[in-house]
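Asks: Dropping the structure in here first, questions after.
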Amino acid sequence: MTAELEPPQNDDSELVARTQGGDPSAFDELVVRYTPRLYGLIYNMTSNHEDTNDLLQDVFSKAYRSICSFRGKSSFSTWMHSISVNMTINFLKKRKRRQHPSLNDPDSSIENDPDFIAATSQSDPLNAISIHELQKKLNAALAKLSHDHRVVVTMFDIQGIPHSEIAKILKISEGTVRSRLFYAHRQLQNSLHEFKKA
């Protein structure tokens, strides 16, 4: 699973070099390559498609403006993920100060997902309701996590990024990644355990 998340390093290096040399079409290729991964990362932190689209544009704008300072000390993938995480966390802090996002926002559930609809449309309606309730509870549990804990859950559990790569992206030790995951998983389990008892 992890292998497919990481684009070929030499291809990235070539595209980065061409971009730094003034070829905007090379950066367009990097945008196409990284959009699915970064969209998933940002969306799972914001739970809002509109915010994700806006942030993704800002991330690529910042990367394009800063690409001449990229020296290849880390992989381009790590660099892009770092920009995305930092900008998303800053956005979430500002959003939290402005308003409290509704957990019933249609963007924060999977009920409109075509695969989800197909999977549940022919099954027992009561089962579909319980899956919907569980998804809402999981979204609520994720929203209760701090930004630091939510980002490691998103990268490790949802995107399948290994501990070592998360550590590079967040500029923390692998031990810190593991301890944040342990704490976040315990919080999520506690929230879901309460849901089972309800």
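The values are calculated or read from the model by the stated rules, or taken from the named source; none is laboratory data. Because the structure is a prediction, the values reported are computed rather than measured. Backbone-built Cβ (ideal geometry, glycine too); neighbour counts: all protein chains shown.
Asks: Can you name the number of the only condition in (1) modelled with pLDDT of 95 or more; (2) under 21 Å from Y39 (Cα atoms); (3) polar (S, T, N, Q) that T176 fails?
Replies: Here T176 meets the rest and fails (2).
Asks: I'd like the full set of residues that are over 18 Å from L138 (Cα atoms) and in contact (Cβ under 8 Å) with a residue 40 or more places away in the chain, limited to the stretch 151-180.
Replies: Within the stretch 151-180, G160, I161, P162, E165, K168, I169, L170, K171 meet the criteria.
Asks: Do you know which residues across the stretch 159-178 are on the phi < 0 side of the Ramachandran plot and surrounded by fewer than 14 Cβ atoms within 10 Å (Cβ to Cβ)?
Replies: S164, S173, G175, listed by residue number.
Asks: Something else now. Suppose the filter is more than 18 Å from T46 (Cβ to Cβ) and in contact (Cβ under 8 Å) with a residue 60 or more places away in the chain; does K137 pass it?
Replies: Judged against the criteria, K137 is not a match.
Asks: Quickly run through the stretch 151-169 and pick out the residues that are in contact with a Lys or Arg (Cβ under 9 Å, 6 or more places away or on another chain) and not β-branched (V, I, T).
Replies: Q159, H163
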